[in-house]
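Undergrad: Below is the structure I would like to discuss, written out as structure tokens.
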Amino acid sequence: MTQMAGHRTLEITPDQRRQYQEEGYFILEHVIPDAHLELLRGELTDAIAGVHRQMDEQKTDVLGINHRNKRYFVTLFRETGKLREFLFSDYIERIVRATIGGDAWLFCEQYVVKAAEVGMQFSWHQDSGYVRAAHKPYVSCWCALDDMTEANGTIYVLPYSRAGTTTKVEHVKDEKTNDWVGYHGDDPGEPVIVPAGSIAVFSSTCFHRSGVNTSPNQRRVYLAQYSAEPILRDGKPAILAEPFLKNGKRI
């Protein structure tokens, strides 16, 4: 990776491509440009305030898998479009091409935040386990907005070779947390210990989980997911279907 004119040129290596195919993931350290990192962080505060307003209106501290002052899953693109320059950047394009090929749509984007000292864990799951529509495996770009440690609740990935599967499995809902759980073994997985600005790239069929945040600070992540074709439910986009690449060219 080199830095030129204020931005980074990213190259995905053959070994990383191979690891994605064989084990379901690879890691890119410190690849998000500082300007984009600040953009992503800057949009988050108002977004969490919006979740709190919804909770207040419904007189609850739990909205789906959002838990007040514990963990948050917040989407923004549909409402503001402000993150477009990151979501469709040259370096994200390189990641997408290397994993799912020359046809790509933005399928989902969300912030994942664990509150300081009380941030909840998140159970073993495949991202595909949360999609109630037929689909091909898609790619997730898990973008660290803070330095990630085991203490602040980073993710753990389970390589395909240790999970025993490369395909989507049935998930069971945990009624206490509303998590969907797909792996019930005792393998702890591989912790993703990376500096802010790094991206963990993994398939929607790669199992991962996250720990509790016991640190004194929030643990902030932005997740961007891309599919090789629009993912539809009843003929309409299941979440998003923002065109990115078609036949190897930007749309």
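The values are calculated or read from the model by the stated rules, or taken from the named source; none is laboratory data. As the structure is a computational prediction, the values presented were derived from the model and not from experiment. When we count neighbours, we look across all protein chains shown, and the Cβ atoms used for this are built from the backbone with ideal geometry, even at glycine. Accessible surface is based on the protein model in full, side chains and every heavy atom, while ligands, DNA and RNA are left aside. Shrake-Rupley method; radii C 1.70, N 1.55, O 1.52, S 1.80 Å.
Undergrad: Which loop-located trypsin sites (Lys or Arg not before Pro) does the range 154-251 contain, where loop means any DSSP state but H, G, I, E or B and the Cβ has at most 13 other Cβ atoms within 10 Å?
TA: LYS176
Undergrad: What number, in nm² with one decimal, is the all-direction average of the projected area of the convex hull of the alpha-carbon atoms of the range 151-251? Can you show the working numbers first?
TA: Numbers: hull surface 37.8 nm².
Averaged projected area of the range 151-251's Cα convex hull equals 9.4 nm².
Undergrad: Figure the gain on full extension for ARG41 and ASP186 (residue separation times 0.36 nm, minus the Cα-Cα span) and round it to one decimal in nm.
TA: Fully extending the segment from ARG41 to ASP186 adds 48.8 nm.
Undergrad: Can you tell me what percent of all Cα-Cα pairs in the chain are more than 28 Å apart?
TA: Counting pairs separated by more than 28 Å, the tail of P(r) holds 29 percent.
Undergrad: Also, quick follow-up: How high is the FRET efficiency between LYS246 and GLU29 when r is their beta carbon distance and R₀ equals 22 Å, given to the nearest 0.05?
TA: Efficiency, from the Cβ-Cβ distance: 0.10.
Undergrad: What value, in deg cm²/dmol to 500, does the helix sum -39500 (n - 2.57) over DSSP H runs of n ≥ 4 give at 222 nm once divided by the residues of the chain?
TA: Result for the chain: -6000 deg cm²/dmol, rounded to the nearest 500.
Undergrad: Let me ask you something else. Starting from the Cα gyration tensor of the range 12-134, take the square roots of the eigenvalues, sort them a ≥ b ≥ c, and report rounded, prolate or oblate (rounded when a/c is under 1.5, otherwise prolate if a/b is larger than b/c, else oblate).
TA: Prolate, since a/c reaches 1.5 and a/b exceeds b/c.
Undergrad: Using a simple spin-label model with points 7 Å from Cα along the Cα→Cβ vector, what separation in nm is obtained for THR214 and LYS173?
TA: Each label point is offset 7 Å from its Cα along the Cβ direction, giving 3.2 nm.
Undergrad: How much length is gained on full extension from LYS136 to ASP15, taking 0.36 nm per residue of separation minus their Cα-Cα distance?
TA: 41.2 nm is the gain from fully extending LYS136 to ASP15.
Undergrad: Restricting to DSSP loop positions (anything but H, G, I, E, B) with no more than 13 other Cβ atoms inside 10 Å of their own Cβ, which GluC sites (Glu not before Pro) remain in the range 146-251?
TA: The qualifying sites are GLU170, GLU175.
Undergrad: May I pose another question? Pairs of alpha-carbon atoms within less than 8 angstrom and 6+ residues apart define the contacts here; what relative contact order does the range 1-149 have, in percent?
TA: 23
Undergrad: Oh, and also: For the chain, what % of the accessible area comes from carbon and sulfur atoms, probe 1.4 Å?
TA: On the chain, the fraction of accessible area on carbon and sulfur atoms equals 49 percent.
Undergrad: Just need the relative contact order of the chain here, percent rounded to a whole number, with Cα pairs under 8 Å and 6+ apart.
TA: 30
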